[in-house]
Amino acid sequence: MEFGPFLLLALMEGLVTAAVLALTASGLSLVFGIMRVVNVAHGAFFMLGAVLAWFTAQWVPGPPAVAFAVALIVCPLIVGAIAALADTAILKRLNYEPEATIVATIGLLYILEQAALSLFGPDARPVPAPFNIRLQLPWFGYSGYKLAVVAAAIIVLLGVWLILKHTRAGLVMRATQIDRDTARAFGINVDRVYAGVFAMGAGLAAIAAVLIVPIQQAHYLMGGDPLLLSFIVVIIGGLGSLRGTLVAALLIGLSDGVISTFFAPTLAKIIATLVVALVLVFRPQGLFGTRTT
Amino acid sequence: MSNKLITPNPSRRAVLGGIAAGGALLTTGLGARFAQAQSSAPIKLGFQLHRTGIGASYGRWYERTATAALKVLNDAGGINGRPVEILFEDDGTDPKRGAEVVEKFATQHKCDIGFGTLFSHVVMGSAPRAGELKLPYFVVSEGHHVASGALNRWTLQPGITDVKSQVLSMAPWVLQNLGKKVTMVFPDYAFGHDHRDYFTQAVQANGGEVIAQVAIPPTETTFTRYFPKIPRETEVLYHVMVGPAVLTFVKELGEFYGTGARPEIFGFIDSLEAVNIASPGLEFLEGTHFWEGHPRYLQEGASEAELAYRAAVGVDDTGASVSDPADVATYAHMFSVWETLFAVKAGMEAAGYQGPDDRQKFVEAMEAIAAFDEGAEHPQGPKVFNGKTHQAFGLQSISKVEGGKLKRVHQTTMEDGFYPDEVDYTTMSF
């Protein structure tokens, strides 16, 4: 294929990766930034969103677009509720100690994965896309739905930003992030903030999964890759910095698209991991992170 | 294995101790070998099943096929007049767990043989352990690793043709009818490498040329980014893909070519096993060709054995489950489970098999078998069995998608798939 169209395809693929990654990673980043919890079960919440989207597609009658719209609203809510429950039942009882929460979320990851295996089964199951439009370019065809995913991700991220910057809930979250004890002294119910943030982080992963599942199919092991890439993005962007997460997601997504199209996807992962190592050595706080004491 | 050793409130130390003790018990083989099976005791076959992991859709159907074949076998009087039992054990389609399952069969369940392993990386991980434990191990993986000599005398593949033979027998037809310049897309592990190596050789031998090879990791979930590597001058696109994402693979291939010009497409049905060919997005497959080990759609003039087999495993004329049309079978491959079970029966009866002490005699009897005739026990067709290479050879089908159905347009002959022996397992020690 000629260089121009080749690059175009690479960038389009990269953009889709970046969009989904930005959603997933911003969930992880929120949870870390505000709660200081490294959520290893984040990929499992992603998987849960996709699996629930499949169930919704089975149960909701009518055209696929209706079922998809329902899934886009219902799945993040259910996943968020499960996350909030996990927060109050497990993480809170561990007093959010860093080591303990890592182990606990690993356990949560296995519980969720095995639950999906038991209830959903070991097969990959397709979820119909809400619409089937194919763009026929002179050199290759491309799924119109994939481009819609990019647009939807931008809208959701904009929504997250608006919530954080311009609502009372966002203000409370930011206050808790800056200083948990002072926030509590000002009468903020930190427990409830934490549960809400954990739910929101998981919900973002679930939204990303619902968006991606018509492209990728739901499978109980699908959470591994998004988890790894989200960690890469969050570390490069700076732990807890939402802006850094977005920039890093765009960087990693686009470079992943270009490198894996022109060379090999494995090389893209190698380079991303190498960048993480370099960032950790030379700028441990990440590109946009601030040094914490 | 360690569950039984755990007391209700174990301390970590106690659990670790228990695990260590359990492992020691197993490796030293405290449970003495089944000294002398009683003549009426059932013969126990261990089935290494891909119930979970990336091979799960195969596993689901392999379990059904094995269960159906077992019923036919036992209704006809079992083996040597003894009833037969199959123990299913999940290996998660994972090589490491595969080896553990083999070990469980040999030491814990005291199975007479192990069989049923499909994915070639799991075979590669499990077969050496079977050799060490001297457990006859019957694989159904299509991989060339049995006939290449990479494994051991205890490992046999009497139920399905290996990839090398499959591609050798079909390459002439592909090159004559579809085109000479071939691009190959295959999974990047043992099974895919067999395709890459032997189809490329066969193409060259038949005056064609493989102009590009695109290897895709078997756990990949998105494929569009690989397709630009298919050169524009490609005349035939040869694809074979496995794992849970096969539907995504074919869909994205369709999106990529869209309504524009595309090469002729020849695929291994592996890329579509357990997937309904009428799924939205697969319309572009109309007019393309597929290899099928065993035609998914009931073909005209099907034998009675084929009809009986199809009914026994619960598959309708379109290759889906009779109870759920959305549950499409891995029909092109699963006959191998059925046929392997009856090959085992033939071998055990020839050896006068009584119990695990006769395992060596049993393998030698298998090696003496030269052929299996087409019939109720071998519904896919006749097989030639090479006792030296432990490998079966059969007939391959090339089908074309016409009106959303697969219709056989060519069947190879037995001789098309022969190649010189690369190993003589009968000269190896047990």
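The values are calculated or read from the model by the stated rules, or taken from the named source; none is laboratory data. What you see is a predicted model; the values in this text were computed from it and never measured. No Cβ is skipped: glycine too gets one built from the backbone with ideal geometry, and neighbour counts run over all protein chains shown.
Here are some notes:
- Scanning region B:72-85 for residues that are of a type in the set (D, E, K, R) and touching a strand residue (DSSP E or B) at 6+ places or on another chain (Cβ under 8 Å) gives B:82, B:85.
- Residue among B:301, B:267 that is part of a strand (DSSP E or B) and more than 10 Å from chain A (Cβ to nearest Cβ): B:267
- Condition met for residue B:187 (touching a residue at least 40 places away in the same chain (Cβ under 8 Å), touching a helix residue (DSSP H, G or I) at 6+ places or on another chain (Cβ under 8 Å) and not polar (S, T, N, Q)): no
Per-residue answers, yes or no, for (1) surrounded by 11 or more Cβ atoms within 10 Å (Cβ to Cβ); (2) at negative phi; (3) modelled with pLDDT under 50:
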residue: B:3; (1), (2), (3): no, yes, yes
residue: B:11; (1), (2), (3): no, yes, no
residue: B:19; (1), (2), (3): yes, yes, no
residue: B:22; (1), (2), (3): yes, yes, no
residue: B:35; (1), (2), (3): no, yes, yes
residue: B:40; (1), (2), (3): no, yes, no
residue: B:43; (1), (2), (3): yes, yes, no
residue: B:72; (1), (2), (3): yes, yes, no
residue: B:81; (1), (2), (3): no, no, no
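- When region A:42-58 is filtered for residues that are modelled with pLDDT of 95 or more and among the aliphatic types (A, V, I, L, M), the ones remaining, listed by number, are A:44, A:47, A:48, A:50, A:51, A:52, A:53.
- Among the residues of region B:363-385, those that are surrounded by fewer than 21 Cβ atoms within 10 Å (Cβ to Cβ) and not in a loop (DSSP other than H, G, I, E, B) comprise B:364, B:365, B:367, B:368, B:371, B:375, B:384.
- So residue A:177, is it out of contact with any strand residue (DSSP E or B) (no Cβ under 6 Å at 6 or more places or on another chain), at pLDDT below 90 and within 16 Å of residue A:153 (Cβ to Cβ): no
- Looking across region B:233-244 at every residue that is surrounded by 24 or more Cβ atoms within 10 Å (Cβ to Cβ) and not in a strand (DSSP E or B), the one that is farthest from the other protein chains (Cβ to nearest Cβ) is identified as B:240.
- Among residues of region B:262-300 being aromatic (Phe, Trp, Tyr) and under 22 Å from the mean Cα position of the chain (by Cα), the one that is surrounded by the fewest Cβ atoms within 10 Å (Cβ to Cβ) is B:297.
- Residue in region A:190-213 that is buried (at least 21 other Cβ atoms within 10 Å of the Cβ), β-branched (Val, Ile, Thr) and within 14 Å of chain B (Cβ to nearest Cβ) present: yes
- Reported count of residues in region A:169-222, each being more than 30 Å from residue A:64 (Cβ to Cβ), aromatic (Phe, Trp, Tyr) and touching an Asp or Glu at 6+ places or on another chain (Cβ under 7 Å), is 2.
- Identity of the residue in region B:200-227, touching a strand residue (DSSP E or B) at 6+ places or on another chain (Cβ under 6 Å) and assigned to a helix (DSSP H, G or I), that ends up nearest to the other protein chains (Cβ to nearest Cβ): B:226
- The number of residues in region B:86-128 that are aromatic (Phe, Trp, Tyr), touching a strand residue (DSSP E or B) at 6+ places or on another chain (Cβ under 8 Å) and not in a helix (DSSP H, G or I) comes to 2.
- Any hit, region A:221-229, residues being assigned to a helix (DSSP H, G or I) and more than 14 Å from chain B (Cβ to nearest Cβ): no
- Test result for residue B:127, without any contact (Cβ under 8 Å) to a residue 40 or more places away in the chain, touching a Ser or Thr at 6+ places or on another chain (Cβ under 6 Å) and within 14 Å of chain A (Cβ to nearest Cβ): no
- Here residue A:10 meets the list (1) at positive phi; (2) assigned to a helix (DSSP H, G or I) almost entirely, failing just condition (1).
- Between B:348, B:334, the distinction of being within 18 Å of residue B:390 (Cα to Cα) and either among the aliphatic types (A, V, I, L, M) or touching a residue at least 40 places away in the same chain (Cβ under 8 Å) (or both) belongs to B:348 only.
- Taken over region B:389-430, the criterion of being touching a strand residue (DSSP E or B) at 6+ places or on another chain (Cβ under 6 Å) and at positive phi is satisfied by B:390 alone.
- Close pairs (6 angstrom Cβ cut-off, 6 or more residues apart or separate chains): within 30 Å of residue B:298 (Cβ to Cβ) in region B:358-380, of a type in the set (Lys, Arg) anywhere: B:372/B:383
- Test for residue A:187: is it out of contact with any Lys or Arg (no Cβ under 8 Å at 6 or more places or on another chain), on the phi > 0 side of the Ramachandran plot and either within 14 Å of chain B (Cβ to nearest Cβ) or not in a helix (DSSP H, G or I) (or both): yes
- Any hit, region A:248-259, residues being farther than 22 Å from residue A:154 by Cα and within 13 Å of chain B (Cβ to nearest Cβ): yes
- Breaking point among (1) modelled with pLDDT under 95; (2) in contact with a Cys (Cβ under 6 Å, 6 or more places away or on another chain), for residue B:93: (2)
- Which numbered condition residue B:230 fails, given (1) over 16 Å from residue B:121 (Cα atoms); (2) more than 14 Å from chain A (Cβ to nearest Cβ): (2)
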